[in-house]
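Every number here is computed from the coordinates shown, using simple stated rules; none is lab data. None of these values were measured; they are calculated from a predicted model. Because the Cβ atoms are built from the backbone with ideal geometry, glycine has one as well, and the counts that use them run over all protein chains shown.
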């Protein structure tokens with residue numbers, strides 16, 4: 001989420017985006033004069049599934065005195081550290097730990113010896129500029145860069161981190177040489193819990209297939225875009241990866257002006273109230289037809305206050321899906337400069353410690369929630385404390401007989417942070433999210449990601465948990481665990497995967513590893529669900545042998561997942577149906593291939 005190319009100062013990152021725009025203009029001209037040329041084919045991928053298990057631990061703790069609103073003089077002599085981030089309620093634990101935009105008397109930051117300044121910045125491009133400026137000053141020998149154009153860390157949506165870190169790393173490698181400087185996720189301090197959402201007509205919720213052919217305004221590559229893509233793929237819908245074209249057989253994404261999530265909402269409103277349309281090149285099966293179509297915006301992906309803006313202005317629209325359903329998808333993460341953090345580990349750990357401690361106070365005591373809302377309103381300089389207090393908890397409204405939801409956030413205490421990254425229970429939820437979104441970037445290619453960035457920075461290089469692990473003397477509790485002892489009956493989601501086996505064998509072939517990894521990631525996202533895994537074959541061979549073969553193939557998938565750490569008592573049924581339930585005609589080779597499959601069903 002950010003204002004691409006908002007400033008006139010051109011960094012390497014800016015130049016990359018200008019080049020990308022230039023390439024886009026050239027390609028657009030080619031599209032216009034060369035109808036029938038090939039373009040990107042709409043994709044149907046495996047998405048992050050719904051999850052009814054929350055990372056939401058409450059540690060009993062004595063109440064800590066609330067921070068004052070007066071700026072601290074005690075830490076004024078200490079080096080100033082600057083963090084910039086979106087106006088987003090999931091960061092309120094960090095903000096109240098500081099007492100507001102600057103460290104206040106009696107705040108947890110003051111107690112832990114940190115002199116912190118928090119800057120609101122809603123434009124990703126500007127966040128990039130600030131972090132690049134910090135590195136530039138640090139590279140020149142400044143131990144604590146403090147110019148008003150620099151920031152050691154940024155707070156953004158964690159599902160947007162693969163795009164941000166990968167593109168920023170490319171710029172750093174170009175400017176300073178490969179691997180001299182790095183930006184990394186250093187912890188999570190909160191979570192979107194309904195605030196980020198897809199908005200559209202209620203038919204999209206009751207009948208997801210009715211989204212086919214829709215045009216949705218969104219910021220490509222960000223968390224709201226991920227929520228939309230997840231919903232499409234979870235319901236078997238194709239997504240058109242090319243924002244310059246229109247595919248009637250897929251869901252189409254229109255890139256919001258200036259990469260601004262508020263514009264996503266405004267473009268939907270403008271289209272619905274004035275009839276405003278956008279012109280797109282028509283495409284069928286990845287081939288341009290030579291025709292153009294004018295389309296209204298049918299829905300948008302946005303977050304608070306964008307959602308409230310839509311519901312205030314329009315009737316007939318509801319929230320379709322949000323981060324309340326995809327509840328492990330969107331953490332609020334701190335991304336910092338590795339080389340500076342390595343020289344100042346105590347400062348970074350104390351920043352995280354202060355935020356996680358304040359978050360636990362918010363979970364235990366309502367007046368900490370109230371104080372957090374005051375600090376947020378002061379820091380963001382938008383709306384008032386009552387607004388942010390209510391939006392943190394989430395609000396519901398009704399208009400024209402339709403009910404809609406707005407807001408909804410959570411903050412992380414220490415137990416939450418340790419659990420989310422798998423350090424307390426061995427289930428690394430963020431790694432599954434990071435890897436899943438990385439796949440979306442390479443397969444859907446927003447902003448020409450593959451051509452301009454080249455590759456996604458691997459999770460192991462993008463995430464540095466040393467500073468979280470290095471926190472000392474903090475109250476914690478044992479993380480909650482999912483309960484698999486009860487029988488589950490309600491189907492939450494069901495998907496079919498083409499796992500390749502040798503002929504007449506239940507040995508999984510190596511080219512299926514990617515799909516198996518996707519299945520594992522889904523299980524982590526839906527960690528409270530139980531599973532049935534059923535194998536199927538084509539009609540070649542004897543019926544009894546095919547049943548045994550299909551069950552053996554299902555067991556092979558189970559064994560793979562168990563070796564990855566999925567507990568055995570999570571599998572409620574392992575079975576094989578042989579050739580008894582075909583989904584295609586066995587008279588053709590393509591039909592037989594479709595029938596050789598494994599079905600994984602999530603139960604709750």
Determine, for each peptide in 554-564, 315-325, the mean count of other beta carbons within 10 angstrom over its residues, then list the peptides with the highest first.
315-325, 554-564
In the chain, what percentage of the DSSP-assigned beta bridges are antiparallel, given to the nearest 5?
70 percent
Using the alpha-carbon centroid of each, what span in Å lies between the stretch 127-156 and the stretch 260-277?
35 Å
If one compares the long axis through the Cα atoms of helix 543-563 with the longest principal axis of the Cα atoms of the chain, the angle in degrees, nearest 10, works out at 10 degrees
Using a Förster distance of 41 Å, how high is the FRET efficiency between residue 470 and residue 542, based on the Cβ-Cβ distance and rounded to 0.05?
0.10
Mind ordering 414-426, 258-270 by average Cβ neighbours within 10 Å, highest first?
258-270, 414-426
Label model pair residue 461, residue 366: point-to-point distance (7 angstrom along the Cα→beta-carbon line) in nm is 5.0 nm
Length-normalised contact order for the stretch 172-287 - Cα pairs under 8 Å, 6+ apart - percent
22 percent
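Subtract the Cα-Cα distance of residue 142 and residue 450 from 0.36 nm times their separation in residues, and report this length gain in nm to one decimal.
In short, 107.4 nm is gained.
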To test your reading of the geometry: what angle, between 0 and 90 degrees and rounded to tens, separates the Cα axis of helix 261-274 from the longest principal axis of the chain?
60 degrees
How do 440, 404, 254 rank when sorted from fewest to most other Cβ atoms within 10 Å of their own Cβ?
404, 254, 440
Grab the DSSP H runs of the chain that are 4 residues or longer, score each as -39,500 (n - 2.57), total them, divide by all residues and round the 222 nm result to the nearest 500 deg cm²/dmol.
-11500 deg cm²/dmol
Between residue 510 and residue 203, how many nm apart are label points set 7 Å from Cα along the C-beta direction?
4.9 nm
Protection proxy (average C-beta count within 10 Å per residue), highest first, orders 433-439, 175-181, 340-346 as 433-439, 340-346, 175-181
Can you give me the Cα centroid spacing of the stretch 399-427 and the stretch 162-193 in angstrom?
23 Å
Relative contact order [Cα under 8 Å, 6+ residues apart], the chain, whole percent
19 percent
Rank the residues 232, 300 as a footprinting-exposure proxy: fewest other Cβ atoms within 10 Å of their Cβ go first.
232, 300
Take the alpha-carbon centre of the stretch 222-245, take the same for the stretch 329-390, and report the distance between them in whole Å.
31 Å
How long are the three semi-axes of the equivalent ellipsoid of the chain, in whole Å, if each is the root of 5 times an eigenvalue of the C-alpha gyration tensor, listed from largest down?
40, 30, 24
DSSP beta bridges in the stretch 217-344: the antiparallel percent, rounded to 5, is 50 percent
At R0 = 45 Å, how high is the FRET efficiency between residue 71 and residue 176 if r is their beta carbon distance? Nearest 0.05 is fine.
0.80
Among DSSP bridges having both ends in the stretch 53-170, what percentage is antiparallel? Round to the nearest 5.
20 percent
